[in-house]
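Here the structure comes first, spelled out in structure tokens, and everything after it is commentary.
The values are calculated or read from the model by the stated rules, or taken from the named source; none is laboratory data. Note that the coordinates shown come from a computational prediction; the quantities given were computed from them, not determined experimentally. Reconstructed Cβ throughout: ideal geometry from the backbone, glycine too, with neighbour counts over all protein chains shown.
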Amino acid sequence: MTELSPRLARLKFRAWHRGTREADYMIGCFFDRFHAEWSEADIDLFEKMIEEEDVDIMAWALGTQAIPAEYRGPLIDRMMKLDYVEIPR
């Protein structure tokens, strides 16, 4: 396993410490599954997006709220598939 850069380690922490278990799984699992594939622009966008409210991020991913123009694109499109969420039982 490759050690994360300090920036990615901070993003991982933020992705997994959202405030609700549902948001932790959605955003944290998304980070874990895809961060290694991201470009610098993707990392910048994710870093900006996770400063938004959990309810908004989840609504965008679930398609129940319009996605702001600055977040539209491949990153949020991938998040909307929701096939990356692994919930421990």
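Miscellaneous remarks
- Taken over the range 7-31, the criterion of being at pLDDT 95 or above, exposed (fewer than 15 other Cβ atoms within 10 Å of the Cβ) and in a helix (DSSP H, G or I) is satisfied by ARG7, ALA9, ARG10, PHE13.
- Figure legend. Inter-residue proximity from the range 22-42: first residues over 21 Å from ALA59 (Cβ atoms), second residues among the basic types (Lys, Arg), beta-carbon distance below 8 Å, spacing 6+ or different chains. Indicated pairs: ASP32/LYS12; HIS35/LYS12.
- Looking across the range 75-89, the residues that are surrounded by 10 or more Cβ atoms within 10 Å (Cβ to Cβ), at pLDDT 90 or above and either not in a helix (DSSP H, G or I) or not acidic (Asp, Glu) (or both) come down to LEU75, ILE76, ARG78, MET79, MET80, LYS81.
- Odd one out for ALA41 among (1) surrounded by 18 or more Cβ atoms within 10 Å (Cβ to Cβ); (2) small (Gly, Ala, Ser); (3) over 13 Å from the mean Cα position of the chain (by Cα): (1)
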